[in-house]
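Asker: I am attaching a structure below and will ask some questions about it afterwards.
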Amino acid sequence: MKRESGILLSIASLPSRYGIGCFSKEAYEFVDRLKEAGQSYWQILPLGPTSYGDSPYQSFSTFAGNPYFISLEDLIREGVLTEEECSRADFGSRPDSVDYAKVYEERFPLLRKAYERSSISLDPEFRKFMEENRWWLEDYSLFMAVKARFGQTAWTQWAQDIRLRWKNALDYYRRELYYDIEFHQYLQFKFSQQWKKLKAYANANGIRIIGDIPIYVAMDSADTWAHPELFELDRDNLPTAVAGCPPDGFSATGQLWGNPLYRWEYHRSTGYEWWLSRLAYCYKLYDVVRIDHFRGFDQYYSIPAGSATAIGGHWEQGPGIGFFHMVKNRLGEKEIIAEDLGYVTDSVRQLVRESGFPGMKVLEFAFDSRDSGCASDYLPHNYPENCVAYTGTHDNETIKGWYASITAQERNLARDYLCDSCTPANRLHMSFISLIMRSQARMCIIPLQDYMGLDNDCRINTPSTIGTNWKWRLLPGQISDQLVKTIASVTLRYGRWNW
């Protein structure tokens, strides 16, 4: 197998002039930096429109793109916005952190101006986009328009007629909210245009995109509202059970995600049609797909709706290997990374083996007694070729922050494994990166914060918390020539250069 490596960085974490990372010139410059450093992959977080809490894993749609990522500079060049209008907007005072409230308040009025000046209905490319995506876009754009009409409340709180999708209500809101609906269709058109251009640029420069899809969709999403039959909902379309994971060393009460669970028997009866459509669409956006919480296809944790914590949940059987046989039969050989972390059983390991997909190995888990898995599985000398090795993921501490947070005994274990008692703690991040880069793992993905030696102030997400996550951003110029040389050196040294 060819040895490869890449970098994990959210689109939102890119520097930009207007409050949040997007498909602007800085994204293209990051691709250039990846190429200079000999990388093969750019792993990103989910691209969907974020809802309350700003998590990309709780999106208003599994198919739609996040309007925040639309480059305002591109709209200025098109003549539908002016630089003065964009510069006047207040996106917050910290260029190293996303202020989501201000981004929401300032970006959408600008995007609405762009739509109103665009003459989009006359654009043949827009009409083509509509025809190709009508199967999901009509429901999504109506959902977003009605959500605005009801003060952005969750769809479960809408008036009964539209909440339950009565035909007369659907017809009424389609007429009443025509321009609001078209506005959201315009946003998806611009998102698609800009993302395809950026991805094509990355691919032309030898960089492949690893996309990340959550196994579950959000309760407050167009998917759940438009297709309640796919989920464990009652006759009022309210959940009877929700997703999460059980208590472990990191959380005494588990994690209560609140996503609706799939009605897997129904999906099986349709030949998994919705799931196959979802995955097929993903491969239009990404080159490789990482499926978050892969273990849910073996067994999933079911928590009674209305529970305050995840303690009272239980395990139920997922669709198993039959689902992935169907994927292969219908979509062909596709590159999938199985996120098989957390509480891993023999049956989960068996599912990963049977699928043939590479699983994940996270170095931090090898020396951390809080992890519920088997620590030896995460020691780099035990990594198989067919895996993807990480220092940490978006849910973990940075490697520097993690090393500072573990116990003295665990730090000694890590030092002993490294055979390194001398390197100062503020340089040890490169020792950990080198450790997995020289492993047998075919692919290594390193969060950019770890290459930069940043602490937990730059962490992306702390599970089971809200209000402080998904905010970290690069500053302009922070990816220095020296940093690129450092990444290139370790990549070349361990035979992972993208020739």
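Asker: Of the residues in region 414-437, how many are crowded, with 17+ Cβ neighbours inside 10 Å, free of Cβ contacts under 8 Å to residues at least 60 places away in the same chain and either hydrophobic (A, V, I, L, M, F, W, C) or under 25 Å from residue 337 (Cβ atoms) (or both)?
Answerer: Residues that pass the stated criteria total 4.
Asker: May I pose another question? For residue 211, state whether it is in contact with a Lys or Arg (Cβ under 9 Å, 6 or more places away or on another chain), crowded, with 17+ Cβ neighbours inside 10 Å, within 25 Å of residue 360 (Cα to Cα) and among the small types (Gly, Ala, Ser).
Answerer: Values: in contact with a Lys or Arg (Cβ under 9 Å, 6 or more places away or on another chain): yes; crowded, with 17+ Cβ neighbours inside 10 Å: yes; within 25 Å of residue 360 (Cα to Cα): yes; among the small types (Gly, Ala, Ser): yes.
Against the criterion (in contact with a Lys or Arg (Cβ under 9 Å, 6 or more places away or on another chain), crowded, with 17+ Cβ neighbours inside 10 Å, within 25 Å of residue 360 (Cα to Cα) and among the small types (Gly, Ala, Ser)), residue 211 qualifies.
Asker: Something else now. For residue 467, all conditions in the list (1) out of contact with any Pro (no Cβ under 9 Å at 6 or more places or on another chain); (2) over 30 Å from residue 100 (Cβ atoms) hold save one; what is the number of the exception?
Answerer: Unmet condition: (2).
Asker: Right, here's the next one. Please find, within region 463-477, the residue that is farthest from residue 25 (Cα to Cα) out of those that are in a loop (DSSP other than H, G, I, E, B) and open to solvent by less than 50 Å² (accessible area, probe 1.4 Å).
Answerer: Top of the filtered list is 463.
Asker: I've got another one for you. Of all residues in region 326-343, which are touching a helix residue (DSSP H, G or I) at 6+ places or on another chain (Cβ under 9 Å), open to solvent by less than 40 Å² (accessible area, probe 1.4 Å) and assigned to a loop (DSSP other than H, G, I, E, B)?
Answerer: Matches in region 326-343: 339, 340, 341, 342.
Asker: To continue, here is another question. Identify, please: which residue in region 58-78 is open to solvent by 20 Å² or more (accessible area, probe 1.4 Å) and among the polar types (S, T, N, Q) and is, among those, nearest to residue 23 (Cα to Cα)?
Answerer: Looking at the filtered set, the residue picked out is 62.
Asker: Taking region 390-413, which residues are buried (at least 16 other Cβ atoms within 10 Å of the Cβ) and not in a helix (DSSP H, G or I)?
Answerer: Hits for region 390-413 are 390, 391, 392, 393, 394, 395, 396, 397, 398, 406.
Asker: Now, a different point. Is it the case, given these coordinates, that residue 310 is within 27 Å of residue 4 (Cα to Cα), surrounded by 14 or more Cβ atoms within 10 Å (Cβ to Cβ) and hydrophobic (A, V, I, L, M, F, W, C)?
Answerer: On the way: within 27 Å of residue 4 (Cα to Cα): no; surrounded by 14 or more Cβ atoms within 10 Å (Cβ to Cβ): yes; hydrophobic (A, V, I, L, M, F, W, C): yes.
The answer is no for residue 310.
Asker: Separate question: Being open to solvent by 60 Å² or more (accessible area, probe 1.4 Å), without any contact (Cβ under 8 Å) to a residue 60 or more places away in the chain and either in contact with a Lys or Arg (Cβ under 6 Å, 6 or more places away or on another chain) or among the hydroxyl-bearing types (Ser, Thr, Tyr) (or both) narrows it down to one of 455, 481, so name that one.
Answerer: Numbers: 481 fails: either in contact with a Lys or Arg (Cβ under 6 Å, 6 or more places away or on another chain) or among the hydroxyl-bearing types (Ser, Thr, Tyr) (or both).
Being open to solvent by 60 Å² or more (accessible area, probe 1.4 Å), without any contact (Cβ under 8 Å) to a residue 60 or more places away in the chain and either in contact with a Lys or Arg (Cβ under 6 Å, 6 or more places away or on another chain) or among the hydroxyl-bearing types (Ser, Thr, Tyr) (or both) holds for just one of 455, 481, which is 455.
Asker: If residue 113 passes every condition in (1) open to solvent by less than 30 Å² (accessible area, probe 1.4 Å); (2) under 28 Å from residue 13 (Cα atoms) but one, which one does it miss?
Answerer: Of the numbered conditions (1) open to solvent by less than 30 Å² (accessible area, probe 1.4 Å); (2) under 28 Å from residue 13 (Cα atoms), the odd one out for residue 113 is (1).
Per-residue answers, yes or no, for (1) under 17 Å from the mean Cα position of the chain (by Cα); (2) touching a residue at least 24 places away in the same chain (Cβ under 8 Å); (3) loosely packed, with under 15 Cβ neighbours inside 10 Å; (4) assigned to a helix (DSSP H, G or I):
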| site | (1), (2), (3), (4) |
| --- | --- |
| 259 | yes, yes, no, no |
| 271 | no, yes, yes, no |
| 291 | yes, yes, no, no |
| 301 | no, yes, no, no |
| 306 | no, no, yes, no |
| 324 | no, yes, no, yes |
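Asker: For region 99-128, which positions are over 29 Å from the mean Cα position of the chain (by Cα), part of a helix (DSSP H, G or I), at pLDDT 95 or above and of a type outside the set (Asp, Glu)? Lay out the reasoning, then the answer.
Answerer: Step one: filter region 99-128 for residues over 29 Å from the mean Cα position of the chain (by Cα), giving 116-124.
Retained after the next criterion (residues that are part of a helix (DSSP H, G or I)): 116, 120-122, 124.
Narrowing the set further to residues that are at pLDDT 95 or above leaves 116, 124.
Correct list: 124 only.
Asker: Additional query: Pairs, please: C-beta under 6 Å, at least 6 apart or cross-chain, first residue under 17 Å from residue 4 (Cα atoms) and in region 375-404, second surrounded by fewer than 18 Cβ atoms within 10 Å (Cβ to Cβ) and modelled with pLDDT of 95 or more?
Answerer: Every condition considered, the pairs that remain are 383/440; 385/440.
Asker: Now, a different point. Of the residues 487, 460, which is open to solvent by less than 50 Å² (accessible area, probe 1.4 Å), in contact with a helix residue (DSSP H, G or I) (Cβ under 9 Å, 6 or more places away or on another chain), of a type in the set (A, V, I, L, M) and within 30 Å of residue 244 (Cα to Cα)? Spell out how you get there, then give the answer.
Answerer: Values: 487 fails: within 30 Å of residue 244 (Cα to Cα).
Result: 460 is the single residue among 487, 460 that is open to solvent by less than 50 Å² (accessible area, probe 1.4 Å), in contact with a helix residue (DSSP H, G or I) (Cβ under 9 Å, 6 or more places away or on another chain), of a type in the set (A, V, I, L, M) and within 30 Å of residue 244 (Cα to Cα).
Asker: Now a separate question. Could you grab me the full set of residues in region 79-98 that are open to solvent by 30 Å² or more (accessible area, probe 1.4 Å), touching a helix residue (DSSP H, G or I) at 6+ places or on another chain (Cβ under 8 Å) and not in a loop (DSSP other than H, G, I, E, B)?
Answerer: Answer for region 79-98, where residues must be open to solvent by 30 Å² or more (accessible area, probe 1.4 Å), touching a helix residue (DSSP H, G or I) at 6+ places or on another chain (Cβ under 8 Å) and not in a loop (DSSP other than H, G, I, E, B): just 83.
The values are calculated or read from the model by the stated rules, or taken from the named source; none is laboratory data. Worth saying up front: this structure is predicted, and the values here are computed from it rather than measured. Don't worry about glycine lacking a Cβ; one is built from the backbone with ideal geometry, like all the others, and counts go over all protein chains shown. In case anyone asks, the SASA skips ligands and DNA or RNA and just uses the protein heavy atoms, side chains included. Shrake-Rupley method; radii C 1.70, N 1.55, O 1.52, S 1.80 Å.
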